[in-house]
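A quick write-up on the structure given underneath.
The values are calculated or read from the model by the stated rules, or taken from the named source; none is laboratory data. None of the values given here were measured: they were computed from a predicted structure. FYI the Cβ positions are ideal-geometry reconstructions off the backbone, even for glycines, and counts take in every protein chain you see.
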Amino acid sequence: MKTVGHYLIESLEAAGVRHVFGIPGVHNLELYRGLEGATLRHVTGRHEQGLGFMADGYARLSGRPGVCFTISGPGVSNITTALGQAYGDSIPLLVISSQNRRGEAGSGRGFLHELPDQRALTLPVTAASFAIGEAAELPAVLAQAFAIFAAARPRPVYIEIPLDILGASADALPLPLHHGAPPRAEPSALAAAAALLAGARHPVVLAGGGAVHAATLLQRLVEHLGAPMVMTTNARGLLPAAHPLAVAMSPSLPAVRALIGAADVVLAVGTEIGPTDYDMYGVSEFPPPANLIRIDIDAGQLARSATPRVALLGDAAQTLQLLLQRNLGAPRPGLGADAAAATRRQALDEMPPVYQGHLRLLNLIRDTLPDAVLVGDSTQLVYAGNLGFAAARPGSWFNSATGYGTLGYALPASVGAGLAAPDRPIVCLVGDGGLQFCLGELAVLREVDAWIGIIVWNNRGYGEIRSSMLAAGIRPVGVDVQPPDFALLAAAYGYTHRLIETPEALADALAQLGRQRQIIMLEIAAD
Ligand SMILES: Cc1ncc(C[n+]2csc(CCOP(=O)(O)OP(=O)(O)O)c2C)c(N)n1
Ligand SMILES: [Mg+2]
């Protein structure tokens, strides 16, 4: 008999899924029966939060949804933080969990893992959340999940399946359909956008995480228009670091704001224009540009944060392609290069010296390992990077300091990123505090043959919060938390550890990492 567990694995394989991140338990055993003989590779985490972060890092680099298996109850509550980060950053995740048997779930009698309404718990952090009541519902529910990933704003989807259904027969179930194409921008709106851009004398492009798959098209467009391109955290690298039109700097910075403010037309592509990028310190709201054109796959998002004069509802790549087929005036590639250069200089000058130092360190990492993926947590080095780090290429800079802003992300997300891009070294940027949130996932690095340098920014506590307390006139309390001995910790897992005291030592260690696949922890003693 083919069970629902088998059927799910078959459906995922048919959808092109190659990795699944999971933790088994008595409730989801039937999912694991389905794995026997499958081509899917199962990666076991040490905590469900870690599973979700792994799947997130995997999705960002592979462009495919990250898939997780969890048990009912604590498996689901543990993974919701990772769903929150993925929801905030529009990352496609599919979480499949078990639920108590029909009739037992939510009865209040105290069955193992009983959590009355798992769906309600996941609803605020998913694009869609499904509680399966009959096996026959599965083909349509899976098809909806795949349609969201293929044709809508990519965000997490949650599906729970009672354990009596997981073990039931699926002989009669058809494989889910794959359907759905993203919305296509209206010709009249495209014409209006093209006319505005063709007449622009000082255009600026704002690129966000929704444009990560459209790097080549964006480059063609900004080069045609001569438009400086401001990249949010999730868009870093869409123009290469040294490109004359690249402004890999936060639109929270006054100099970048001034550049955008002086533009006569602003084209925003796949960006929420959200506060964690555009008003990082909550100082003053981003002033909406007067002549704004927005491209977004989410109709609701087009109307949020800044009302555009022209709204183009569609996938970023497809819409840019359509726009490039229109008359955008004569090419004027050099137009905005001086303004972009002046903005970069001024924004850097305005930054506090300590951030400038952090940026030099990040540049050293990039220049020593140009192929590396820098995966960050919420820590001081990463904040500086989000303000002004120019990534070498797309898929080279992402972290959890924006959006939901959770600690603990970087280490497990590095595991997922490494699985999706096995030929690129990963540099994990994490604070001593953040690393302790998901410490258990260190074990997984060996199991997946990771190629990784974990840079531990050790300032012996919650440094950024310590500074915030001092700035707010609060005597620091609860922030000077003792880190473990990282050398012993690395040894416990069988990894190399180096205490890094100079930039030269960091460059040397990273160059070695570049030459040889290895797992190494590089501890930087920070102030
Ligand atoms: C889950 C979670 N809990 C608490 C916070 C609040 N928080 C933000 S940064 C930070 C300090 C983190 O310390 P560490 O990782 O050592 O980085 P540092 O600031 O010292 O560079 C804390 C506690 C958070 N962002 N996420
Ligand atoms: Mg710290």
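Here are the numbers for the structure shown:
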quantity: Residue in the range 280-301 that is among the hydrophobic types (A, V, I, L, M, F, W, C), more than 30 Å from residue 150 (Cα to Cα) and touching a helix residue (DSSP H, G or I) at 6+ places or on another chain (Cβ under 9 Å) present; calculated: yes
quantity: Residue 360, sole failed condition from (1) crowded, with 17+ Cβ neighbours inside 10 Å; (2) modelled with pLDDT of 95 or more; calculated: (1)
quantity: Conditions (1) crowded, with 24+ Cβ neighbours inside 10 Å; (2) closer than 26 Å to residue 395 by Cα; (3) in contact with a strand residue (DSSP E or B) (Cβ under 6 Å, 6 or more places away or on another chain); number of the one not met by residue 299; calculated: (1)
quantity: Lone qualifier among 159, 165 - being buried (at least 21 other Cβ atoms within 10 Å of the Cβ), more than 23 Å from the chain's Cα centre (by Cα), closer than 30 Å to residue 113 by Cα and β-branched (Val, Ile, Thr); calculated: 165
quantity: Qualifying residue in the range 127-135 (condition: over 20 Å from residue 297 (Cβ atoms) and surrounded by 22 or more Cβ atoms within 10 Å (Cβ to Cβ)); calculated: no
quantity: Within the range 452-509, tally of residues that are on the phi > 0 side of the Ramachandran plot, away from ligand 2 (no atom under 16 Å from the Cβ) and in contact with an Asp or Glu (Cβ under 8 Å, 6 or more places away or on another chain); calculated: 0
quantity: Complete set of residues in the range 475-510 that are under 29 Å from the mean Cα position of the chain (by Cα) and of a type in the set (Lys, Arg); calculated: 498
quantity: Subset of the range 498-527 that is within 16 Å of ligand 1 (Cβ to nearest atom) and among the β-branched types (Val, Ile, Thr) - its residue that is farthest from residue 379 (Cα to Cα); calculated: 500
quantity: Selection from the range 33-73 of residues that are among the aromatic types (Phe, Trp, Tyr) and more than 19 Å from the chain's Cα centre (by Cα); calculated: 69
quantity: Residues of the range 64-123 satisfying the condition of being within 16 Å of ligand 1 (Cβ to nearest atom) and of a type in the set (A, V, I, L, M); calculated: 79, 82, 83, 86
quantity: Check on residue 202, within 17 Å of residue 325 (Cβ to Cβ), touching a residue at least 12 places away in the same chain (Cβ under 8 Å) and either within 30 Å of the chain's Cα centre (by Cα) or surrounded by fewer than 24 Cβ atoms within 10 Å (Cβ to Cβ) (or both); calculated: no
quantity: Condition met for residue 304 (among the basic types (Lys, Arg), surrounded by fewer than 20 Cβ atoms within 10 Å (Cβ to Cβ) and in contact with a helix residue (DSSP H, G or I) (Cβ under 6 Å, 6 or more places away or on another chain)); calculated: no
quantity: Test: residue 475 is basic (Lys, Arg), more than 8 Å from ligand 1 (Cβ to nearest atom) and over 16 Å from residue 408 (Cα atoms); calculated: yes
quantity: Cβ-Cβ under 6 Å pairs, at least 6 apart or on other chains, the range 410-435 side hydroxyl-bearing (Ser, Thr, Tyr), far side within 16 Å of ligand 2 (Cβ to nearest atom) and modelled with pLDDT of 95 or more; calculated: 414/428
quantity: Residue selected from the range 483-497 under the condition in a loop (DSSP other than H, G, I, E, B) and out of contact with any strand residue (DSSP E or B) (no Cβ under 9 Å at 6 or more places or on another chain), by the criterion farthest from ligand 1 (Cβ to nearest atom); calculated: 485
quantity: Residue check for residue 327: modelled with pLDDT of 95 or more, over 25 Å from residue 240 (Cβ atoms) and exposed (fewer than 15 other Cβ atoms within 10 Å of the Cβ); calculated: yes
quantity: Where a residue in the range 462-482 is in a helix (DSSP H, G or I) and its partner, wherever it lies, is within 11 Å of ligand 1 (Cβ to nearest atom) and of a type in the set (Val, Ile, Thr), with Cβ under 8 Å and at least six apart; calculated: 463/379; 463/479; 464/379; 465/479; 466/479; 469/479
quantity: Wholly enclosed helices (runs of 4 or more DSSP H) of the range 367-450 bearing at least 2 residues within 16 Å of ligand 2 (Cβ to nearest atom), touching an Asp or Glu at 6+ places or on another chain (Cβ under 6 Å) and among the aliphatic types (A, V, I, L, M); calculated: 410-420
quantity: Conditions (1) buried (at least 16 other Cβ atoms within 10 Å of the Cβ); (2) more than 21 Å from residue 415 (Cα to Cα): number failed by residue 110; calculated: (1)
quantity: Single residue of 91, 96 found to be assigned to a loop (DSSP other than H, G, I, E, B) and at pLDDT 95 or above; calculated: 91
quantity: Residue in the range 260-268 that is within 22 Å of the chain's Cα centre (by Cα) and of a type in the set (A, V, I, L, M, F, W, C) present; calculated: yes
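The rows are residues; the columns are (1) within 8 Å of ligand 1 (Cβ to nearest atom); (2) surrounded by 24 or more Cβ atoms within 10 Å (Cβ to Cβ).
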position: 374; (1), (2): no, yes
position: 380; (1), (2): yes, no
position: 392; (1), (2): no, no
position: 395; (1), (2): no, no
position: 402; (1), (2): no, yes
position: 405; (1), (2): yes, no
position: 409; (1), (2): no, yes
position: 431; (1), (2): yes, yes
position: 439; (1), (2): no, no
